[in-house]
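Peer 1: Attaching a single structure in structure tokens format; questions to follow.
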Amino acid sequence: MSIVYFRFAAHASDVLTRAPLLEALIKRAPRTHPVLDWRADALRVISPGSGVMPSIAAIALQGMSTARWACIATPLHWNAGMSSVSLPAEGIVSLDAEEAALLALDFNRMFGGEGVRMRASAAAVLVCEFDAFLDVITHDPERLVGRDLFALQAAGPDAVRLRRLMSEVELWLFDHAVNRSRTSRGSAQLNGLWFWGGGTTSVAIPPVHGWTAGRDPLFASFGDTREWPDGTKPGVIVTRAQPGTAEWRDVEQCWLEPAAAALKAGALKSLELSAGEWGLRIDTGFNARFWRRARPWWESFGVMTGEVE
């Protein structure tokens, strides 16, 4: 029997909606535990004993780079106010393969002479490669949702270079062909690229024994399973959908319902749920904590709300 790791979005909101199946699973689990680095936590499910995790960018490049340092370049659509810039829940933008390839090609025409270049991975993830090593501290864009972007800018000895490049990219994207195309079909424009998940590229990529699903820049590098697989291999599922939203119903049908059925049948050893900075584990048999009432899912994951549906 294997383990499946399920990562979902959990952001503060004025209105949050109950999710009965998720709450039924949570009811059967022990208390939540802190998760300091959810990607490292999930990677050990499909790559046990992998040791120190390489940077997300190094994994996305899959050893196909001669650069000294690289980082992920995530497209964002933010809201600009009078005194701050904030990221809405839908502000992390996924590109299709054509958009990613065009942006990488044009970026290299504009900035390629400055010791930096861009590559679009097979999963349409943009990776920025640098000839020089950068000593910077960056933040996962997931942490930006609902917060002021300026408060989480890159920091450290080489942060000025990264922040300057981000500013130049913002101007470059303003009237870019990709944005004009997105506008014509009613899709959100790209305001900028958020650089994060960086590190040296000269590291070994850990072997993976299992499957992955979703558009996460790390786990998409190992494949993109589209439906609950047959067999007993471990897996990692990552979704940006938040419980109770319109997108959640599809995620629930595709992944959570089969996981619950596999647990009940004893075909799955355990299901690990993760959101924000918290996680919990439901073992086969659901641990049968029948005396507990089903609480709103957000109470287990530290999410604040103003109104409940």
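The values are calculated or read from the model by the stated rules, or taken from the named source; none is laboratory data. Since the model is a prediction, treat every value here as computed from it, not as a measurement. With ideal geometry, Cβ positions are generated from the backbone for all residues, glycine too; neighbour counts draw on all protein chains shown.
Peer 1: Checking the condition on the phi < 0 side of the Ramachandran plot and in contact with an Asp or Glu (Cβ under 9 Å, 6 or more places away or on another chain), which residue from 183, 212, 200 passes?
Peer 2: Criteria check complete, one pass: 212.
Peer 1: Right, next: Looking for whichever is assigned to a loop (DSSP other than H, G, I, E, B) and of a type outside the set (S, T, N, Q) here; the options are 44, 31. Which one fits?
Peer 2: 31
Peer 1: So, one more: Can you report the number of residues in region 1-59 which are closer than 20 Å to residue 276 by Cβ, polar (S, T, N, Q) and either touching a Leu at 6+ places or on another chain (Cβ under 9 Å) or surrounded by fewer than 13 Cβ atoms within 10 Å (Cβ to Cβ) (or both)?
Peer 2: Result for region 1-59: 1.
Peer 1: Do we find a residue being of a type outside the set (Gly, Ala, Ser), part of a helix (DSSP H, G or I) and without any contact (Cβ under 8 Å) to a residue 24 or more places away in the chain anywhere in region 219-235?
Peer 2: no
Peer 1: For residue 177, are the conditions met, namely being surrounded by 18 or more Cβ atoms within 10 Å (Cβ to Cβ), closer than 27 Å to residue 86 by Cα and of a type outside the set (D, E, K, R)? Give the derivation first.
Peer 2: Values: surrounded by 18 or more Cβ atoms within 10 Å (Cβ to Cβ): no; closer than 27 Å to residue 86 by Cα: yes; of a type outside the set (D, E, K, R): yes.
No, not satisfied.
Peer 1: Restricting to region 102-122, name every residue that is modelled with pLDDT under 95 and crowded, with 20+ Cβ neighbours inside 10 Å.
Peer 2: Listed by number, the list holds a single entry, 121.
Peer 1: Still on this model: Might you let me know whether region 136-156 holds any residue that is of a type outside the set (A, V, I, L, M), surrounded by 13 or more Cβ atoms within 10 Å (Cβ to Cβ), outside any helix (DSSP H, G or I) and over 22 Å from the mean Cα position of the chain (by Cα)?
Peer 2: No, that holds for no residue.
Peer 1: Check region 198-206 and report whether any residue there is among the small types (Gly, Ala, Ser) and part of a strand (DSSP E or B).
Peer 2: Checking region 198-206: at least one residue is among the small types (Gly, Ala, Ser) and part of a strand (DSSP E or B).
Peer 1: Every residue in region 98-116 that is more than 23 Å from the chain's Cα centre (by Cα) and of a type outside the set (Phe, Trp, Tyr), please.
Peer 2: 105, 106, 108, 109, 110, 112, 113, 114, 115, 116
Peer 1: Which condition number does residue 110 fail, the rest of (1) in contact (Cβ under 8 Å) with a residue 40 or more places away in the chain; (2) part of a loop (DSSP other than H, G, I, E, B) being met?
Peer 2: So the condition that residue 110 fails would be (2).
Peer 1: If residue 99 meets every condition in (1) surrounded by fewer than 18 Cβ atoms within 10 Å (Cβ to Cβ); (2) farther than 25 Å from residue 158 by Cα apart from one, which number is that one?
Peer 2: Residue 99 satisfies every listed condition except (1).
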